[in-house]
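Let me begin by handing over the structure; questions about it come next.
The values are calculated or read from the model by the stated rules, or taken from the named source; none is laboratory data. Quick caveat, the model's predicted, so the values are computed rather than measured. Here the Cβ is made from the backbone with ideal geometry for all residues, glycine too, and neighbour counts use every protein chain on show.
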Amino acid sequence: MLSVENLSVSYGKITALHGVDFHIDAGEIVTIIGANGAGKSTTLRAISRMVPVSKDTKMTYMGKNLLDYPADKVVSQLGISHVPEGRRLFGNLTVMENLKLATFARKDTENIGRDLERVFSIFTRLKERSGQKAGTLSGGEQQMLAIGRAFMSGRKVMLLDEPSMGLAPLLMMDVFKALKDINEEGTAILLVEQNARLALQFAQRGYVLETGNLVLAGDSKKLLEDPEVKKAYLGG
Amino acid sequence: MGGVLLQNLVNALQWGSFYALIALGYSMVYSILMLFNFAHGDIFMVGAYIGFGVATGLIALAKMGTIMMPNWLILVLTLIITMFLTSFVGMLVERIGYRPLRDAPRASAAITGLMIGIILETGNLALLGAQRVSFPPLIVSHTYELGGVFVTNKKIMIVFVSIAFMLALHVFVTRSKWGMAMRAMAVDYVVVPLMGVSINNIARMTFAIGSALAAVAGILFGVAYPVLDPYMGIMFGWKAFVAAILGGRGSIMGATLAGFLLGFIEIFVAMIFPSTLRDLIAYSIVLLILVFRPHGFFGEPYSARLRL
């Protein structure tokens with residue numbers, strides 16, 4: 001469904017990604033694990049068209065050339081949403097405004113109310129806080145809102161950048177349970193995580209990214225058993 | 001004494017309206033793009049001149065007798081058409097001057113504004129010549145006496161129209177989805193596209209609205225002080241810029257209030273001191289205010305904005 005070939009990204013003289021290939025099929029949960037600075041966030045930003053890619057990069061989604069779409073159209077026309085690293089909520093806007101802003105360019109206005117209800121049924125706490133400024137939410141609630149916002153903006157594919165970051169284990173389980181629900185309703189998920197164990201348990205397939213190169217790929221159960229992965233990412 | 005004070009209060013309200021209307025444009029652009037459009041004072045000038053052209057054209061049309069237009073209707077039409085046309089000038093400035101430089105060093109974007117300002121001033125000079133033009137009198141001045149205070153119908157109109165536009169802007173920014181996108185851009189413009197919102201469109205719209213408000217100021221200024229010249233926007237632009245900073249960078253409420261405050265300070269200083277000393281004393285006071293409130297009235301102590 002989403003296919004990336006030879007993805008290269010440079011920031012000035014530093015090359016962050018050296019020709020990476022991967023794909024996501026419909027309804028799948030795929031994860032990219034790797035150390036800090038391996039290029040995980042850059043990969044997601046490249047798909048979202050937030051960073052320029054080198055000219056021999058090929059990215060297609062449902063047969064469409066992703067490079068023909070600017071960042072806002074990737075979301076509004078292709079339905080690829082992105083939960084950025086560090087959540088990046090609009091703290092001066094209310095919870096409700098954050099969710100509504102995500103529907104800015106949606107044509108199917110008749111479904112917005114229904115989707116909003118769905119977000120509030122997945123994350124009941126957001127409903128209680130809907131009139132509150134997003135900046136006043138707790139870390140867990142902020143992550144819920146960031147996911148809810150992505151859900152509202154488009155959800156053929158959801159790109160998630162470190163959703164576990166800064167969350168207590170119990171809250172983290174809540175968030176991943178919610179992501180599973182969203183996935184079961186048909187949203188494909190590309191998850192980027194430093195918490196490799198969590199990510200591999202959650203995903204069906206995984207890729208291992210090392211300093212801008214994909215070094216391993218496969219079924220996530222197999223990756224969990226892989227001695228190299230165990231040694232490098234799962235603490236032995 | 002009370003009468004004189006009240007009299008000057010009315011004058012200050014009118015004078016402050018011009019500053020406030022122009023300051024809003026500076027403030028809106030700053031809040032979403034973190035840069036000051038230094039050409040904005042000249043957009044005010046362009047607005048006044050477009051208003052002059054539109055009003056002159058409409059009066060000529062009315063004189064030909066083909067369309068019956070009372071003067072108030074000409075003024076309303078002039079306002080609407082001029083806002084529309086000036087907003088295009090603003091969008092053009094954004095497209096040519098600012099969009100290509102969005103990721104350039106801030107200093108480059110700052111001189112862009114200065115250059116565009118010079119181009120607009122000298123372009124006007126080249127087009128219309130050095131002769132000053134006179135804004136056609138569309139309102140016959142009436143003076144009313146209310147308890148010792150003399151107010152003209154023009155002053156009342158100017159203050160009310162200005163405040164109406166400021167309120168309309170406030171409603172737009174706080175209630176509409178475009179206003180919501182502007183507020184979102186003010187905190188973190190990098191992730192705004194992830195909401196499906198085109199930042200180019202929001203930037204274009206912001207320049208358009210700011211320019212339309214400057215056009216309103218230009219026309220109202222023309223109604224009050226009919227002589228226009230190509231450099232009229234410079235001093236006004238700088239002072240409105242002062243208001244925008246004094247209000248707190250990026251704060252719409254702050255820019256409005258500071259615009260009026262500047263009007264008050266100038267008028268009341270002129271009430272006490274010789275008018276040649278007006279700006280010397282008025283802006284020393286403003287400087288003093290800024291020393292004690294370096295972030296302005298509604299500004300944040302430091303920018304908490306995130307960047308990619």
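Regarding A:D72, is this residue surrounded by fewer than 17 Cβ atoms within 10 Å (Cβ to Cβ) and in contact (Cβ under 8 Å) with a residue 24 or more places away in the chain?
Taking the combined requirement at face value, the residue does not satisfy it.
Would you check if there is a residue in region A:50-61 being surrounded by 19 or more Cβ atoms within 10 Å (Cβ to Cβ), at positive phi, within 11 Å of chain B (Cβ to nearest Cβ) and touching a helix residue (DSSP H, G or I) at 6+ places or on another chain (Cβ under 7 Å)?
no
Report the residue count in region B:166-184 for those that are more than 9 Å from chain A (Cβ to nearest Cβ), touching a residue at least 12 places away in the same chain (Cβ under 8 Å) and farther than 19 Å from B:A20 by Cα.
Number satisfying all stated conditions: 1.
Which condition number in (1) modelled with pLDDT under 95; (2) within 8 Å of chain B (Cβ to nearest Cβ) is the one that A:E85 fails?
Going through the list (1) modelled with pLDDT under 95; (2) within 8 Å of chain B (Cβ to nearest Cβ), A:E85 breaks only (2).
Follow-up. Output the residue which, of all residues in region A:62-82 that are assigned to a loop (DSSP other than H, G, I, E, B) and more than 26 Å from B:D188 (Cβ to Cβ), is farthest from the other protein chains (Cβ to nearest Cβ).
So the residue we want is A:G63.
Filter region A:106-129 down to the residues that are modelled with pLDDT under 95 and outside any helix (DSSP H, G or I), then identify the one that is nearest to the other protein chains (Cβ to nearest Cβ).
A:R106
Any idea how many residues of region A:161-192 are out of contact with any Gly (no Cβ under 9 Å at 6 or more places or on another chain) and acidic (D, E)?
Here the count works out to 2.
Sticking with this one: For residues that are without any contact (Cβ under 8 Å) to a residue 12 or more places away in the chain and β-branched (V, I, T), tally how many sit in region B:141-155.
Matching residues across region B:141-155 total 2.
Moving on to the next point. Do the conditions hold for A:L190, that is, is it at pLDDT 95 or above, out of contact with any His (no Cβ under 8 Å at 6 or more places or on another chain) and not in a loop (DSSP other than H, G, I, E, B)?
yes
Taking into account only those residues within region A:140-150 that are over 17 Å from A:D72 (Cβ atoms) and touching a helix residue (DSSP H, G or I) at 6+ places or on another chain (Cβ under 8 Å), which is farthest from the other protein chains (Cβ to nearest Cβ)?
Across region A:140-150, the extreme among qualifying residues is A:G140.
Residues checked against (1) of a type in the set (F, W, Y); (2) out of contact with any Lys or Arg (no Cβ under 8 Å at 6 or more places or on another chain):
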site	(1), (2)
B:I158	no, yes
B:F172	yes, yes
B:A181	no, yes
B:D188	no, no
B:N201	no, yes
B:A212	no, yes
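From B:V4, B:V29, B:V10, grab the single residue that is over 13 Å from B:A240 (Cα atoms) and in contact with a Leu (Cβ under 9 Å, 6 or more places away or on another chain).
One residue alone meets the criteria, B:V29.
Could you grab me the full set of residues in region A:88-99 that are over 13 Å from A:I147 (Cα atoms) and more than 7 Å from chain B (Cβ to nearest Cβ)?
The answer is A:T94, A:M96.
Being in a loop (DSSP other than H, G, I, E, B) and not β-branched (V, I, T) is the filter; apply it to region A:200-236 and report the residue that is surrounded by the most Cβ atoms within 10 Å (Cβ to Cβ).
Only one residue tops the list, namely A:A203.
Counting only residues that are under 25 Å from A:G12 (Cβ atoms), surrounded by 18 or more Cβ atoms within 10 Å (Cβ to Cβ) and of a type in the set (S, T, Y), how many does region B:82-135 have?
Matching residues across region B:82-135 total 2.
Taking the residues in region A:134-173 that are surrounded by fewer than 18 Cβ atoms within 10 Å (Cβ to Cβ) and of a type outside the set (A, V, I, L, M, F, W, C) as candidates, determine which candidate is nearest to A:I33 (Cα to Cα).
The residue in question is A:G166.
Residues checked against (1) farther than 13 Å from B:A244 by Cβ; (2) in contact with a strand residue (DSSP E or B) (Cβ under 6 Å, 6 or more places away or on another chain):
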site	(1), (2)
B:L21	no, no
B:M28	no, no
B:D42	yes, no
B:A48	yes, yes
B:T56	yes, no
B:A60	yes, no
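Of all residues in region B:1-57, count the ones that are in contact with a helix residue (DSSP H, G or I) (Cβ under 6 Å, 6 or more places away or on another chain), within 22 Å of B:V133 (Cα to Cα) and β-branched (V, I, T).
Matching residues across region B:1-57 total 5.
Restricting the first residue to region B:199-219 and requiring it to be more than 30 Å from A:R49 (Cβ to Cβ) and β-branched (V, I, T), which pairs with a second residue that is modelled with pLDDT of 95 or more and surrounded by fewer than 24 Cβ atoms within 10 Å (Cβ to Cβ) meet a Cβ separation below 6 Å and a spacing of at least six or different chains?
Partner pairs satisfying both residue conditions: B:V216/B:F165; B:I219/B:L79.
Can you tell me which residue within region B:187-208, out of those that are facing chain A (nearest Cβ under 7 Å) and assigned to a helix (DSSP H, G or I), is farthest from A:V95 (Cα to Cα)?
Among residues in region B:187-208 that are facing chain A (nearest Cβ under 7 Å) and assigned to a helix (DSSP H, G or I), the one farthest from A:V95 (Cα to Cα) is B:P193.
Hey, another quick one. Could you please find all residues in region B:33-60 being modelled with pLDDT of 90 or more, surrounded by fewer than 23 Cβ atoms within 10 Å (Cβ to Cβ) and farther than 13 Å from B:A215 by Cβ?
B:F38, B:T56, B:G57, B:L58, B:I59, B:A60
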